[in-house]
1. Sorted by average packing, counted as other Cβ atoms within 10 angstrom per residue and highest first, what order do 312-323, 151-162 take?
2. Convert each backbone phi in segment 158-165 into a coupling constant with the Karplus relation 6.51 cos²θ - 1.76 cosθ + 1.60 (shift: θ = phi - 60°), then list the ³J(HN,Hα) values in order as whole Hz, x for Gly and Pro.
3. If you place +1 on the Cβ of every Lys and Arg and -1 on the Cβ of every Asp and Glu, how big does the dipole about the Cα centre of the chain come out, in debye to the nearest 20?
4. Given H placed 1.01 Å from N in the peptide plane, which residues other than close sequence neighbours of residue 171 have an amide H under 5 Å from its amide H?
5. In whole Hz, with x marking every Gly and Pro, tabulate ³J(HN,Hα) for segment 119-131 from phi via Karplus 6.51 cos²θ - 1.76 cosθ + 1.60, θ = phi - 60°.
6. How do 325, 169, 254 line up, fewest other C-beta atoms within 10 Å first?
7. Where does each of 8-15, 134-141, 379-386, 77-84 land if you order them by average Cβ count within 10 Å, highest first?
8. Exposure proxy check: 173, 361, 92, 252 ranked by fewest other beta carbons within 10 Å?
Amino acid sequence: MTYQALQPSDKLLLGPGPASVEPAILRAASLNVLGYLDPEFVTIMDETMELLRAVFRTSNELTLVVPGTGMAGMEAAVYNTVEPGDKVVVAVNGFFGERIATIAERAGGEVTVVRYPWGQAVDPSDLVKVVREVRPAILACVHAETSTGVLQPMAEITRMAREYDCLLLVDAVTSLGGCPLEIDKWGIDACYSGSQKCVGALPGLAPLTLGPRARAKLAARRTPVASWYLDLTLIEKYWTGNPRAYHHTAPVNLIYPIREALRMALDEGLENRWARHLLNARALRAGLRGLGLGLYSEDDVMLPPLTPVLIPDGVEDAKVRTAMLNEFGIEIGGGLGDAKGKIWRIGLMGYGSQRRHVLLVLTALEQLLLRFGHRAEAGAGVAAAGAMYDAAAKAGS
Ligand SMILES: Cc1ncc(COP(=O)(O)O)c(C=O)c1O
């Protein structure tokens with residue numbers, strides 16, 4: 001059997017991630033391989049940690065990237081903070097909150113799940129009643145629910161974690177680099193993300209940060225962390241030890257691009273980057289409404305990197321997504337779990353969050369909706385998005 005040389009085609013990734021990658025960041029993956037303890041590489045690790053602290057807005061020393069995708073970050077955060085018998089409250093309003101609860105159970109936690117409707121934020125005035133009763137060691141939630149396009153307001157939840165003296169564990173897989181996230185100011189104790197979304201790097205790494213309270217709990221454990229590979233007391237000896245000790249072979253050529261992606265995010269300025277994600281998402285939402293489509297999450301909890309749009313009656317989910325991919329070279333996502341078949345998920349993350357991508361996806365969607373039976377006014381989507389950009393330019397934002 002003969003195989004052709006590998007040549008994946010050039011697609012625009014506007015789904016829930018991975019997002020399309022800035023060419024300079026992609027090129028960084030092809031730079032020379034260095035040994036995992038080469039002094040030159042150790043310097044790159046140090047720089048990556050420094051850059052990551054700035055992007056997470058934290059001074060936490062234990063701020064690094066774990067090998068593996070966002071799920072490795074979730075497992076690392078949960079396995080290191082939860083000990084068998086610990087009470088854990090997980091606020092769930094979508095697919096990824098459920099996963100935190102599942103993993104906390106596997107870690108031996110006594111888990112109480114508090115569920116909220118998909119497409120809505122967690123209601124802190126309700127959650128607090130459970131926290132008051134259970135008095136958990138750990139309270140966990142998802143900051144950016146990628147399954148529903150909801151950005152969780154954090155102020156009351158962070159206050160609750162302080163008042164009831166529990167560690168706050170937060171999933172920021174889709175928010176880091178795309179929405180305001182302030183680890184130190186908000187008092188988040190453990191937080192993880194993924195490299196492939198708003199951070200703008202390649203899939204395969206999980207940025208993670210652990211604050212002093214979480215580290216103290218880790219140091220005081222009565223039982224070893226159940227996962228050897230994700231045991232942060234071992235991983236940190238490789239990332240920050242003196243001398244550095246081998247733990248695993250670092251995915252060197254994934255760390256180059258995330259170092260570059262973080263550097264470029266800070267060059268852009270985090271506030272500017274958040275504003276870019278917000279403006280493009282507002283324009284996209286305006287355009288979708290212009291096409292007569294409904295949205296699955298309300299504007300007041302909208303998640304700028306991920307817009308969930310309701311599939312109109314009579315239109316087949318898969319037909320539109322397949323034609324979008326094959327004819328326009330654009331990937332958008334389908335729904336997960338409860339939202340499967342009900343929504344499309346359009347991601348504007350990192351390099352993907354650009355005005356031209358908004359206009360392109362609206363144009364493609366309009367064409368396909370007209371073909372597959374949804375009545376929309378021709379050009380109305382792009383016009384509404386354009387009006388949003390014009391208004392923002394006038395307002396000077
Ligand atoms: C909110 C959230 N948490 C966790 C994950 C898991 O990340 P990964 O698929 O990179 O393992 C995802 C992935 O989309 C996510 O959106």
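Every read-out reported here was derived from the displayed coordinates using simple, explicitly stated rules and does not represent laboratory data. All figures in this text were calculated on a predicted structure; none of them were measured in a lab. Methodologically, a virtual Cβ is constructed for each residue, glycine included, from the backbone with ideal geometry; neighbour enumeration extends over all protein chains shown.
1. Details: 312-323: 13.9, 151-162: 18.2.
Result, highest mean Cβ count within 10 Å first: 151-162, 312-323.
2. Coupling constants for segment 158-165: 5, 4, 4, 4, 5, 4, 9, 6 Hz.
3. Dipole of the chain, to the nearest 20 debye: 180 debye.
4. 141, 142, 143
5. Values, residue by residue: x, 10, 7, 5, 8, x, 5, 8, 4, 4, 5, 5, 5 Hz.
6. Lowest to highest Cβ neighbour count: 325, 254, 169.
7. 77-84, 134-141, 379-386, 8-15
8. On the way: 173 29, 361 26, 92 21, 252 18.
The most exposed by this proxy come first: 252, 92, 361, 173.
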